[in-house]
1. Between residue 98 and residue 177, what is the label-to-label distance in nm when each label sits 7 Å out along the Cα-to-Cβ direction?
2. By counting other Cβ atoms within 10 Å of each Cβ, how are 44, 174 ranked from fewest to most?
3. For region 55-189, give me the percentage of DSSP beta bridges that are antiparallel, rounded to the nearest 5 percent.
4. Only counting other Cβ atoms within 10 Å, I'd like 128, 188 sorted with the fewest neighbours first.
5. State, to one decimal in nm, how far the label point of residue 108 lies from the label point of residue 11, with both points 7 Å from Cα in the Cβ direction.
6. Would you work out the Kirkwood radius for the chain? I mean one over the mean of 1/r across all pairs of different Cα atoms, in Å.
7. How much length is gained if the chain between residue 126 and residue 75 is pulled fully straight, taking 0.36 nm per residue apart and subtracting their Cα-Cα distance, in nm to one decimal?
8. Given only helices, namely DSSP H runs of n ≥ 4 each adding -39500 (n - 2.57), what is the per-residue ellipticity at 222 nm of the chain, to the nearest 500 deg cm²/dmol?
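Derivation of every value follows stated rules applied to the coordinates shown; laboratory data play no part. Predicted model only: the values in this text are computed from it and were never measured. Here the Cβ positions follow ideal geometry from the backbone for every residue, glycine too, while neighbour counts run over all protein chains shown.
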């Protein structure tokens with residue numbers, strides 16, 4: 001049975017995100033690590049389409065070099081994560097649970113012992129970063145900061161089409177605003 005929510009609200013077709021994940025996987029392999037842990041919402045969005053208003057809640061996308069990615073989100077966010085992504089493997093941590101320990105348990109379950117992590121992601125506080133490093137005792141961590149940003153800088157044909165469409169809307173709004181401008185008293189609508 002297929003998940004009727006999966007990808008329902010995705011901003012691009014599954015193939016777009018599959019291509020992005022493939023690029024990340026190649027970069028992860030080139031680093032010589034087993035996986036890259038993304039925690040920055042903008043990088044997670046680029047990689048899989050995950051959208052949320054709950055930036056306060058910890059989330060991580062584990063991009064493995066040779067296996068499908070795994071998304072870790074707060075339990076209350078799983079429905080939205082399924083709707084905005086095409087990911088087959090979405091795991092959850094519960095309110096009251098330490099998300100750093102949930103991440104450590106996930107990496108252990110996946111058998112990952114050598115990973116890159118975004119150290120400069122603005123979303124993870126210094127305290128949370130320290131909790132993650134402590135929870136990942138025995139896992140070799142290297143800095144994977146900037147890896148996703150370099151890939152994000154090169155726009156795909158689908159992204160360029162979306163940018164052009166948005167620019168057209170912006171241009172129409174500017175033209176309408178200029179046309180509405182005039183001298184004389186301000187009219188209240």
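1. For residue 98 paired with residue 177, the spin-label model returns 4.9 nm.
2. Values: 44 27, 174 10.
With the fewest neighbours first, 44, 174 line up as 174, 44.
3. On the way: 3 of 11 bridges.
In region 55-189, approximately 25 percent of DSSP beta bridges are antiparallel ones.
4. Numbers: 128 14, 188 4.
Exposure proxy ranking, most exposed first: 188, 128.
5. About 3.5 nm, to one decimal.
6. Numbers: mean 1/r = 0.0550 Å⁻¹.
By the Kirkwood definition, the hydrodynamic radius is 18.2 Å.
7. Numbers: separation 51, 0.36 × 51 = 18.36 nm, distance 2.35 nm.
Computed gain between residue 126 and residue 75 is 16.0 nm.
8. On the way: 7 runs with 85 residues, N = 189.
When only DSSP H runs of four or more count, the value is -14000 deg cm²/dmol.
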